[in-house]
Structure formats: C-alpha cells, structure tokens
C-alpha cells in the first residue's frame, strides 16, 4: 500500500505576486525548487499562513526571490502573505528509520538561509503505535 509523505517543504516563504490572468501554477525561485527537489510541472501543495487557504497546483521556475501564484489562487494569496509549500511523494515499503524530510528556510527576500533534514526515526511498537527511536514511551 502506498502512503503519502511530505518529503520536502518550503517554510514561511513570502508571496511576491498574484497574477489572476495567468493560466495557472506557482512560480518559484530555481534555487528553492532545486533545494526541495521540485521539478518543473511537479504538483505541489501551497498553504497560506495568512488566511489558512490551501491550494494544489504545479510549479514553474520563476525569478530568484519571487513566489508568484498564477491564475485562480491569485484571489486567495496576496503579496506579503507567508506560505508553506509541500512536496508530496507516494512511497511503498517505507522504512521509518530512513524516512526523512527536507525543510527549506528562507528570509523575507525568499533567499535560502538554511536547509534542514528531519528524520522520522520512529519504530512501530507491538501495539501498532509509534514511539521515538530511543525506545522511550510516546
């Protein structure tokens, strides 16, 4: 059975543009796309920290420092809004000990400040619940 995981995310990017009359998508800085492992036309989830709105679309490379929502989401995302952008993967036979997530952190100009790797590092216990890899109770 395939499970869906967020394997990369941009944390607190700042929207710089919203173009209603464009055909759709989100334009992201190439450096951010590369750090997240996002390819052109890849499906991403965009979440607004300003109003809680969630949008699913595909990514296109844009200009450095610019995050632009194109088409219909321009009605829900405005310049200055903070967003979290998730890259999802459908994975089979996941080993929690090796599962990790890349988190890209940026400054107010959408320039990468650091990239963090988070590891799931959890093990299933006999009851089917999760506990930390240290063996401590959850």
Residue check, residue 59 closer than 18 Å to residue 17 by Cβ and outside any loop (DSSP other than H, G, I, E, B):
yes
Hits in the stretch 73-98 (condition: surrounded by 12 or more Cβ atoms within 10 Å (Cβ to Cβ), outside any strand (DSSP E or B) and touching a residue at least 60 places away in the same chain (Cβ under 8 Å))
77, 78, 79, 81, 94
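Throughout, read-outs are computed from the coordinates displayed, never taken from laboratory work. None of these values were measured; they are calculated from a predicted model. Please note: Cβ atoms are built from the backbone with ideal geometry, for glycine as well, and neighbour counts cover all protein chains shown.
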